[in-house]
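Reviewing the structure listed below.
Read-outs throughout are calculated quantities, based only on the coordinates presented, and are distinct from any laboratory measurement. Please read these numbers as outputs of a predicted model, since none were measured by experiment. Counting neighbours? That spans all protein chains shown, and the Cβs are built from the backbone with ideal geometry, glycine included.
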Amino acid sequence: MLYVSTRGAMTPNAFSEILLGGLAPDGGLVMPERYPQIDSATLDAWRAMSYPQLAFEIIRLFATDIDEAALRTLIDRTYTVQAFGNADITPVRSLEHELYLLQLSNGPTLAFKDVAMQLLGNLFEHVLTQQGRQLNILGATSGDTGSAAEYAMRGKRGVRVFMLSPHGRMSAFQRAQMFSLADPNIYNIAVQGVFDDCQDMVKAVSNDLDFKQRFSIGTVNSINWARVVAQVVYYFKGYFAVTSGNDQQVSFTVPSGNFGNVLAGHIARMMGLPIRRLVVATNENDVLDEFFRTGRYRVRSSSETFETTSPSMDISKASNFERFIFDLLGRDGQRVAQLWRELDSTGQFDLAGTPQFAQIGEFGFVSGSSSHAKRLDTIRQVHQRFGVIVDTHTADGLHVAERWREAGVPMLCLETALPVKFAETIQEALGQQPGRPAAYEGIEQHAQRFTLMPADVDLLKRFVAQRCGGVS
């Protein structure tokens, strides 16, 4: 399996080469030259597999240049009861007939990002050791990616992490998870701006190819292909959990900010998993919902990006969206590059009225948005009806899912985090605090270590260079 760029100007590369990078050299995102195709017989063979067994079968189709024995060892080391608290890794909980929660938040940082990030840490260490290299990871987070990355990379040989987050815009729990880490290879940078400012800074550094090469810059953001592939696994696992045969379709609802989580569902569907609908659920920052309803993709400025109670989705420029557009446009890299030049210059592009947008239903995507009031109401209803407390992002997903449920088609809503990460809003909705694992008692009172920085790319480069033994 070789990888190309969404913008068409990258020489095809193997998995281990694109694993350590971020953006492609032409500014695009890497994609496999083709999607492996899964038939009914293969689904039958996979149906009874454990999570590690299934992960190996899927990931080896994409990581063809990694020794299979080594890959199996890395996967077995990653997906353990000790790390995820459950042998199923991503168990499914039934709420009512044909409505389920796909529980993804049992990992070390209590968010779905752990499922992919824990594997990514082991993959990085393996490849870096083999190649005798070091890697400086530069990432941006709206909340959960940062802590998941830092917990996965802490203590890993040959790895430093520089994580940008929007100052004052994460929950108290999210801040404490990240900023309380004292590991010497972890650097937290609080940017005076919104998440999109952080993401733009990371992209600007990644696009400086000389700096990127000189300081071995890589990424763990959802633009990292290995993260997306690791997330494909739980779509298959969820499908098997709620069906008894391969003639049945299911739908998935996915709270979506940077589009990486639902993109993994798109990949699973393109591989042949019988997915009826992929429901994109947004909060008040409804850029993605606007596109799937109208064909217009219009990013918002920092001042137009709302600060909400589902903060991990306070994103107005979804990085992974480019990968879907690449498929939607028949993998026309030149056309994608043209659209993103238009996006950079005008802040938008519009596919309404085009033959490609007319065919968007063939990809299964639909969408909807939520709000603070709807979020609180959903948290209350789920608690009253099912005795379950869900986090704010999962509540957005459940709210939007109701519109798209169909009789005879199981709907799996992807849980994104445990409610303790957003305790203030749970208190507002239910008048009670959510439970928290014992290991996290009092985490908000721990000493916190971070660097405050304006949204200045040159300043970020100097910060990274000085801590990597160089001057820039």
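From the backbone phi of segment 451-464, what are the Karplus-calculated ³J(HN,Hα) couplings (6.51 cos²θ - 1.76 cosθ + 1.60, θ = phi - 60°) in whole Hz, Gly and Pro given as x?
Once θ is set to phi - 60°, the couplings for segment 451-464 become 10, 7, 9, x, 7, 10, 5, 5, 5, 4, 4, 5, 4, 5 Hz.
How large is the dipole of segment 39-129 about the Cα centre if only Lys and Arg carry +1 and Asp and Glu carry -1, each at its Cβ, rounded to the nearest 20 debye?
Dipole size: approximately 240 debye.
In debye, nearest 20: dipole of segment 243-430 around its Cα centre with unit charges on the Cβ of K, R (+) and D, E (-)?
340 debye
Could you give me D for segment 160-261, from Stokes-Einstein at 10 °C and 1.306 mPa s, where the hydrodynamic radius is the Kirkwood radius over C-alpha pairs? Units µm² s⁻¹, please.
95 µm²/s
Going by a ≥ b ≥ c, the root eigenvalues of the Cα gyration tensor, does segment 104-231 fall in the rounded group (a/c under 1.5), the prolate group (a/b larger than b/c) or the oblate group?
oblate
Take peptides 145-152, 345-352, 219-226, 196-203 and line them up by average Cβ neighbours within 10 Å, highest first, as a rough protection proxy.
145-152, 219-226, 196-203, 345-352
Under the Karplus relation 6.51 cos²θ - 1.76 cosθ + 1.60, θ = phi - 60°, what is the ordered set of whole-Hz ³J(HN,Hα) values for segment 76-87, x standing for Gly and Pro?
4, 6, 7, 9, 10, 4, 4, 7, 10, x, 7, 5
Measure of size requested: the Rg and Dmax of segment 308-385, with Cα atoms as the atom set and Å as the unit; please supply both.
So, for segment 308-385, Rg and Dmax equal 16.9, 52 Å respectively.
Work through the residues other than PHE252 whose Cβ is under 10 Å from its Cβ and net out their charges, Lys, Arg +1 and Asp, Glu -1.
Summing Lys and Arg as +1 and Asp and Glu as -1 gives +3.
In sequence order, what are the phi-derived ³J(HN,Hα) couplings for segment 21-26 according to the Karplus relation 6.51 cos²θ - 1.76 cosθ + 1.60 with θ = phi - 60°, rounded to whole Hz, with x for glycine and proline?
Those phi angles translate into x, x, 5, 5, x, 8 Hz.
With the alpha-carbon atoms as the only input, what is the per residue convex hull volume for the chain in Å³?
Dividing the Cα hull volume of the chain by its residue count gives 133 Å³.
Where nothing but the Cβ of Lys and Arg (+1) and of Asp and Glu (-1) is charged, how large is the charge dipole of the chain around its Cα centre, in debye to the nearest 20?
580 debye
Return the loop-located GluC sites (Glu not before Pro) in segment 375-472 (DSSP other than H, G, I, E, B) with at most 13 other Cβ atoms within 10 Å of their own Cβ; answer none if there are none.
Answer by residue number: GLU441.
By DSSP, what percent of the beta bridges with both residues in the chain are antiparallel, rounded to the nearest 5?
In the chain, approximately 25 percent of DSSP beta bridges are antiparallel ones.
Could you tell me which residue out of GLY361, ASN188, GLN384 lies farthest along the dipole of the chain toward its positive end? Charges go on the beta carbon: Lys and Arg +1, Asp and Glu -1, centred on the Cα centre.
ASN188
Take the alpha carbon gyration tensor of segment 243-430, find the square roots of its eigenvalues, order them as a ≥ b ≥ c, and report rounded if a/c is under 1.5; if not, report prolate when a/b exceeds b/c, else oblate.
oblate
Identify, among ALA41, VAL220, GLN334, the residue whose Cα sits farthest towards the positive end of the charge dipole of the chain, taking +1 on the Cβ of Lys and Arg and -1 on the Cβ of Asp and Glu, with the dipole about the Cα centre.
VAL220
Are there GluC sites (Glu not before Pro) in segment 1-66 that DSSP puts in a loop and that have at most 15 other Cβ atoms within 10 Å, and which ones?
GLU33
Once label points are set 7 Å from the Cα along Cα→Cβ at both GLU402 and ASP65, what is their separation, rounded to one decimal in nm?
Roughly 5.0 nm, to one decimal.
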